[in-house]
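Heads up: the structure comes next, in structure tokens.
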């Protein structure tokens, strides 16, 4: 059996990424019998943007994850290097952390288990119409009826596939995401800080990890991806910023589809959505994970209300809008400029000579939830 048949769960968290582990840890520490399920088997290789924004680091500390974060030896980054066409500028940013997701996910799951949660890897979960959860693993299956269900299974999760009330609404014109981890610095990357190269076909970012490898992430125009492939679209961006024939960039990319999407609902009944599973917009470097972590950090009061039989769907969505709405507007604006390289290049040439440029760049960082 995948679980003791006699087990009962007050909370089931689906998805053991950062948001899921934070939610599971806090729910367990609130006294709930908490099950954290994940379809992958840990340790796993996970490719994403690779950075945590200051707000996410702060939220992890407040949730008791500071030691778990320190254990993976994150690398501090304090400069953003922007390139558009042949213009470039470097800006100071608040302390971002470059992280390797595979190590971080394992450390966070371990911390959730230390907090009292039960972790079950290699398990598929489906949320049914009555908010019960079907768990399937190694040919075994069981339905559980938790008091609260937290869905944190990301953009590619399918735990809500049977729930039309949570259907995705995807912006098919939005950029497509791709990422990779490479063993050496991609040509044109700065050895310290975050490097972003912006062109007509999208933008490509890179940042160093503490173990000497590099995370490379891209947001690419879907038309370019269809005509050139991910590698070809990345090559086009690099060539436009003065790096033709950059053959040291990855040959294999992990794609995540269109980046801008939202759910028809973020909450219904006993089901709460956090992280990318709740909706996503094209984020600035380091913000996607931080959004999910900050939302998960506030899960317990809503779980308490669900236990009392209250409908929290409206309040859960409104709290998300209050926390993330302004940041998502900032991201849309800046990422929109990143896809206009002529405008961005002119801005870079002017801003690097302005005394307030450093102050403004720090203000654009998400430094508090």
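The values are calculated or read from the model by the stated rules, or taken from the named source; none is laboratory data. Worth saying up front: this structure is predicted, and the values here are computed from it rather than measured. Glycine gets a Cβ as well: all are built from the backbone with ideal geometry, and neighbour counts include every protein chain shown.
None of 318, 322, 349 is at pLDDT 70 or above, assigned by TED's automatic domain parsing to the domain that holds residue 219 and surrounded by fewer than 19 Cβ atoms within 10 Å (Cβ to Cβ) except 349.
Answer yes if at least one residue in segment 285-296 is assigned to a helix (DSSP H, G or I) and without any contact (Cβ under 8 Å) to a residue 24 or more places away in the chain, and no otherwise. No: zero hits.
Okay, residues lined up against (1) over 30 Å from residue 162 (Cβ atoms); (2) modelled with pLDDT of 95 or more; (3) touching a strand residue (DSSP E or B) at 6+ places or on another chain (Cβ under 7 Å):
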{"site": "82", "(1), (2), (3)": "yes, no, yes"}
{"site": "88", "(1), (2), (3)": "yes, no, yes"}
{"site": "93", "(1), (2), (3)": "yes, no, yes"}
{"site": "96", "(1), (2), (3)": "yes, no, yes"}
{"site": "101", "(1), (2), (3)": "no, no, no"}
{"site": "105", "(1), (2), (3)": "no, no, no"}
{"site": "121", "(1), (2), (3)": "no, no, yes"}
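Kindly evaluate residue 121 against the criterion of being without any contact (Cβ under 8 Å) to a residue 24 or more places away in the chain, under 25 Å from residue 31 (Cα atoms) and out of contact with any helix residue (DSSP H, G or I) (no Cβ under 6 Å at 6 or more places or on another chain). Here the answer is no, as residue 121 does not meet what is asked. In a residue-by-residue description of segment 97-116, the property of being over 29 Å from residue 213 (Cβ atoms) and not in a strand (DSSP E or B) applies to at least one position. Checking the stated criteria, residue 261 turns out not to satisfy the condition of being surrounded by 14 or more Cβ atoms within 10 Å (Cβ to Cβ), touching a strand residue (DSSP E or B) at 6+ places or on another chain (Cβ under 6 Å) and at pLDDT below 75.
Would you confirm whether any residue within segment 234-255 is farther than 19 Å from residue 81 by Cα and part of a strand (DSSP E or B)? Yes: segment 234-255 contains one or more residues that are farther than 19 Å from residue 81 by Cα and part of a strand (DSSP E or B).
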